[in-house]
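The values are calculated or read from the model by the stated rules, or taken from the named source; none is laboratory data. Remember, predicted model here, so these are calculated numbers, not experimental data. Using ideal geometry, Cβ is built from the backbone for each residue, glycine included, and neighbour counts are taken over all protein chains shown. The area values use the complete protein model at the heavy-atom level, side chains included, leaving out ligands, DNA and RNA. Shrake-Rupley method; radii C 1.70, N 1.55, O 1.52, S 1.80 Å.
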Amino acid sequence: MRRRLPMALSALVVWVLAACSTATGAAPAANTPGANQADVTFSQQMVPHHQQSIQVANLASERSASDYVKATAAKIVEAESAEVRTMTGWLQAWNAAVLPAAGHAGHAMPGMITEGQVASLQNLTGAEFDKTWLPLMAEHLRNGVAMAKTVLSSGEHAETKALAQEIVENQTAAIDEITAQLS
């Protein structure tokens, strides 16, 4: 516990500092060719958002009774892991902070699944897990689509905008499939 507290506090400090620099309109890092603050902020927020998607999707392989849920979760892990690597690379190239998903700070970001919701999923199995996971993941994906639409309208980095468009298309399709499963 003593080792986790400093890590959680460090994660919180990094997140708060990044949020403050975004809120104050600070310019992006010096090495951001073709990128603006909206592009940097998108990657800084989408990386922990995707990491949480991966965390929650990984629970499905252990706890789900549904082949559909397991297959959907596997697709999410594959796609979003690749996107995390891409966005982390951009942030590093831009000399911008890569915000950690670990710790309590990540749960406070807009669009994130709460710590309580994750804990609830960790305590469920079978059909009860599936009934909770499906709408929770659909909402999480909706928040990701909203984030992507924001950078589409305000970003400048062509590759970020292309990735954001893919996220909008792929996650909207996943949301539609999940919604059909809930009907």
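Based on alpha-carbon atoms, the Kirkwood radius and the radius of gyration of region 76-165 give Rg/Rh equal to 1.01. Exposure check, 1.4 Å probe, all protein chains in place: residue 124 carries approximately 40 Å² of accessible surface. Would you check the accessible area of residue 77, probe 1.4 Å, heavy atoms only, in square angstrom rounded to 10? Accessible surface of residue 77 is approximately 40 Å².
Here the spin labels are modelled as points 7 Å beyond Cα on the Cα-Cβ line, and at residue 169 and residue 67 they lie 2.9 nm apart.
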